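First the structure, in the form of structure tokens, and then the observations on it.
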Amino acid sequence: MEERMGHAQTLSVETGSCAAYTTMDALRRRPALSLLRDMAQKSAKEEAAERKEGRDETAPQEAQDAAEAPSTANGHPNGEADAEDAEAERASDEAPADEDEGEEEEAPSPEEIQAASEVPSAPVKLELKFKTYPGDQFTHDELHLGDKQVVKMYRNMLLQRRFEERCRQQYQQQNISGFLHLYIGQEAVSTGTVAAIRHGEDSVITAYRDHGLALAMGLDPGECMAELFGKETGVTDGKGGSMHFFGREERFFGGHGIVGAGVPLAAGLAFAHQYRGDEEICVGFFGDGAVQQGAFHEALNLAGLYDLPAVFICENNQYGMGTHIERAAANPDLYQQAAAYDMPGAVANGQDVFSVNRAVQDHVEMAREGQPSLLEVRTYRYQGHSISDPANYRAEGELEAQQKSDAIIRLKKYLLDEDLASGDTLDEIDEEVKQEVLDAIAFAEESDLPDESALYENVYAGEYSFLS
Amino acid sequence: MAEMQLREAIRAAMTEEMHRDEDVFLLGEEVAEYDGAYKVSKGMLDEFGDERVVDTPISEEGFAGMGIGAAMNGLRPIVEFMTFNFSFVAFDQVVNNAANMRYMSGGQYGVPIVFRGPNGSAGQLGATHSNSTESLYANFPGLNVVAPSNPDDAKGLLKTAIRDPDPVLFMESELMYGLKGEVSEEEDYTIPIGEARVARKGGDVTLVAHSKMYHVATDAAEQLSEEGYEAELIDPRTIKPLDIETIIESVQKTNRLVVVDESNPFTSFAGEVAWQIQDRAFDWLDAPIARVNAPDVPAPYAPNLMDAYVPGADQIVDAAKRVMYVE
Ligand SMILES: Cc1ncc(C[n+]2csc(CCOP(=O)(O)OP(=O)(O)O)c2C)c(N)n1
Ligand SMILES: [Mg+2]
């Protein structure tokens, strides 16, 4: 690796100088490949000579090894031995073993390699177990949720619902444009999750159906609405729109428009927590559709391999656009994917905020102990995929049947049954929330559009002379 | 001639080719039961059945690669990307496999495949959903890139693309799907890949513009005409292979060139045309070549910023005046 980097630098540093002229001149007269081959060999020799003279700071034996046979650690147990003999392409393309590698992770012993190549003599039977969190199984006391907190959760779910009902209307009035994917019906997933994490400390990321989670994470409804209006006061200053909400203060890492693309990011957020050795974890949301992307599988494998403190939450609302999960997944029981990555998988009822909360509490606890996991939450979106989708692919009566187990109505009933709030109080909350949304719209309306110069802001952190 | 929307012309081309050749099939997200995210493949499931009009999961890398494998093994897939933004998930398959296969296999395996779908911005969709990808893909040897501006060209070119022995990226536009135009009713109507169309004659300045930008440039040409300047407007139709001769001929007449292209400017199609013209027709130029691109920034969401982002007719008029040295 170092060798190669060295050459790249030589070439680029010298460009424009006299030395570059000689180099470039030589390149012109000779086939480039032979020139580069000579350079690679010359430099390898020089480095070896330097090491012999003991001027090299790195451990001599290691450096020697690096210059010679690739070790088993870099995956070439029978790799060719001598860098100097190897073809130039190989010498420059294939890095010798990284010198600072192999300290923590011990290379497998010959016995282990042998064991790994053995084939079991009898059929292999696997027993898999996945925890389930059905609805109506949990009380708020069991979940250590205070009475007031449950009322607050109710208020938050209602806020998401009322906010998005108005979004729909504002879209029709052409105050909002672009794609608008509504979360209505799924509110228990966001609220139940946020009540189970260290809000503001743990990292959270999701896909493009992000308004509900943003509000659950405490982003300001006015700023969210202003974003949808494309105003400078919006959560991303009018840059991202509906699909790309962000909230740094809340540790809300977005809103991501490309299906599946956020899942590796969730692994990366968790990697940073692990790297820093802090107590925090990452919760990464994505849809059922994203499970069919390679990115999902790669990310879960990475998390399983590195024991990342991550909870991967699949919000299975049964549809990816117009395609039902049964038509998209070879195995539509998505939580079972966890088994492939050697992590716990479970499934929870997304129409019951307590079921979600219990499940996420359990999974967050695992994550804090360095155990990643996959949690499928079964839910349902009431609206079409986006505002322009009439959802004709639904069976008749399908939506109505789902609405019977509406999470907000369910929680309302619980609050009344358990005497946690009176009907009047709940009505008042609804009025408050409605007003809050109207205020959000007023704020969005009164805000200014971004100045045109904002087009060029935040492309890079520093100065850059833009082409015109 | 029959009047058709762009989406209908594309559908007609696919349908005719599927009747003509059993090896042709359509694969992509929502193409079958949903009739296509933009209704391009409406009715095709009923007509051809689910063996030839195939819904896929959201697995771009997987189904693009599957299409390439099927093409290597004798079929002629049409792979729809819901938009070319999502082709980035399949980038490796398109540029490493589809583009290189014939060369790398010493000519043993070609990849006769069409990747099609909308390209470029389509309103306030934000940075991830507004990429213009033609300049990027045109960079890779082995790929053909076609980006028509009207239903007639779309039909004729898509039929040719489906028959082409090599991969063709066929780029459409959400904003143009409803665009109506006269389409030839000639039986088996095809247009060769790699031929530009001189859409408007004029002697004062040459405008080159494709796809959506062709329409913006038409508008600009009309404005210029009202002010007494006659622009010659060329729709390259095919980005790669590029019909540079037609542009050279025009520049030899007008001596001035403006290239319009919705890509971001750095390494854009417009930059490439400008280079080829200065290389081949430098002595014919009376002014530096101007280009009109999206700005050198990602696409924003806010309506006013997006208006400023997408190249407009005014910018083209200004550029034309600049190269004509008029105020
Ligand atoms: C890579 C990619 N392919 C296609 C799309 C278009 N698209 C947007 S949302 C969506 C469906 C996603 O379904 P799911 O993951 O279940 O999320 P949900 O919409 O149900 O929240 C599709 C196909 C996209 N945004 N990104
Ligand atoms: Mg879904």
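The values are calculated or read from the model by the stated rules, or taken from the named source; none is laboratory data. Just so you know, these numbers come straight off a predicted model, no measurement behind them. Using ideal geometry, Cβ is built from the backbone for each residue, glycine included, and neighbour counts are taken over all protein chains shown. For accessibility, only protein heavy atoms count, side chains too; no ligands or nucleic acids. Shrake-Rupley method; radii C 1.70, N 1.55, O 1.52, S 1.80 Å.
Annotations for the structure displayed:
- Cross-link table B:Lys39/B:Lys240; B:Lys155/B:Lys180; B:Lys201/B:Lys321, entries beyond 19 Å C-alpha to C-alpha: B:Lys39/B:Lys240
- Accessible surface, 1.4 Å probe, highest first, among residues A:Ser34, A:Ser121: A:Ser121, A:Ser34
- Taking a straight Cα-Cα cut-off under 14 Å and skipping sequence neighbours fewer than 8 places away in the same chain, the aspartates and glutamates within cross-link reach of A:Lys131 are A:Asp333, A:Asp362, A:Glu376.
- Computed lengthening from A:Asp419 to A:Ala272, 0.36 nm per intervening residue step minus Cα-Cα distance: 48.6 nm
- Highest mean packing comes first when the peptides B:268-274, B:146-152, A:142-148 are listed by Cβ atoms within 10 Å, giving B:146-152, B:268-274, A:142-148.
- Solvent-accessible area of A:Leu305, all protein chains in place: 110 Å² (probe radius 1.4 Å, heavy atoms, ligands and nucleic acids excluded).
- Environment charge of A:Ala267, counting only residues whose C-beta is closer than 13 Å and scoring Lys/Arg +1, Asp/Glu -1: -2
- Cα gyration tensor, the stretch B:221-327 - rounded (a/c under 1.5), prolate or oblate: oblate
- Apportionment of accessible area to carbon and sulfur, the protein assembly as shown, percent (1.4 Å): 49
- Among the residues of A:450-460, the average count of other protein chain beta-carbon atoms within 10 Å of the residue beta-carbon is 4.
- Considering only the protein assembly as shown, percent of DSSP beta bridges that pair antiparallel, nearest 5: 20
- Label-to-label distance for B:Glu227 and A:Ala122 is 8.7 nm, based on points extended 7 Å past Cα in the beta-carbon direction.
- Sites A:Ser468 and B:Asp92 - FRET efficiency at Förster radius 30 Å, r taken between beta-carbons, to 0.05: 0.35
- Neighbours of B:Ile234, meaning other residues whose beta-carbon lies under 12 angstrom from its beta-carbon, give a summed charge of -1 when Lys and Arg score +1 and Asp and Glu score -1.
- Listed by chain and number, the lysines whose C-alpha is less than 24 Å from the C-alpha of A:Lys52, apart from same-chain residues fewer than 8 away, are A:Lys42.
- Average beta carbon contacts from partner chains per residue of A:384-394, 10 Å cutoff: 1
- Net charge of neighbours whose Cβ lies under 9 Å from the Cβ of A:Met321, counting Lys and Arg as +1 and Asp and Glu as -1: -3
- Inter-chain Cβ neighbour count for B:304-315, averaged per residue, equals 3 (cutoff 10 Å, partner chain atoms only).
- The simple spin-label model puts a point 7 Å past each Cα toward its Cβ; for A:Asp141 and A:Lys434 those points are separated by 3.5 nm.
- Classified by the C-alpha gyration tensor, the stretch A:132-450 has a rounded form. Its axis ratio a/c, with a ≥ b ≥ c, is below 1.5.
- Between B:Phe266 and B:Glu327, the contour length at 0.36 nm per residue exceeds the Cα-Cα span by 19.2 nm.
- Computed from the C-beta positions of B:Asn139 and A:Gln173 and an R0 of 41 Å, the FRET efficiency is 0.40 to the nearest 0.05.
- Shape class of the protein assembly as shown from the Cα gyration tensor (axes a ≥ b ≥ c, square roots of the eigenvalues): oblate, since a/c reaches 1.5 or more and a/b does not exceed b/c.
- On association of chains A and B, roughly 3000 Å² of accessible area becomes buried (total for both chains; probe 1.4 Å).
- Across the stretch A:183-192, computed HN-Hα scalar couplings (Karplus, 6.51 cos²θ - 1.76 cosθ + 1.60, θ = phi - 60°) run 9, 3, x, 9, 4, 5, 5, 5, 5, x Hz from first to last residue, x flagging Gly and Pro.
- Surface per residue (accessible, 1.4 Å probe) for the stretch A:132-450, Å²: 39
- Highest mean packing comes first when the peptides A:240-252, B:304-316, A:332-344 are listed by Cβ atoms within 10 Å, giving A:240-252, B:304-316, A:332-344.
- Distance between the modelled labels on B:Glu245 and A:Ala49, one decimal in nanometres: 5.8 nm (7 Å Cα→Cβ projection).
- Note on A:Lys434: lysines with a C-alpha under 17 Å away, same-chain residues under 8 apart excluded, are A:Lys152, A:Lys412.
- Listed residues A:Tyr183, B:Tyr189, A:Cys167: farthest to the positive end of the dipole of the protein assembly as shown (Cβ charges): B:Tyr189
- Between A:Asp389 and A:Asp333, the C-beta separation translates, for a Förster distance of 25 Å, into a calculated FRET efficiency of about 0.45.
- Note on the protein assembly as shown: helix-only mean residue ellipticity at 222 nm, from DSSP H runs of 4+ residues weighted -39500 (n - 2.57) and normalised by residue number, equals -12000 deg cm²/dmol.
- Potential lengthening between A:Arg248 and A:Phe130 on full extension [0.36 nm per residue; Cα-Cα distance subtracted]: 39.1 nm
- Crossing angle, helix B:313-324 versus chain B [Cα axis fit, 0-90 degrees, rounded to tens]: 50
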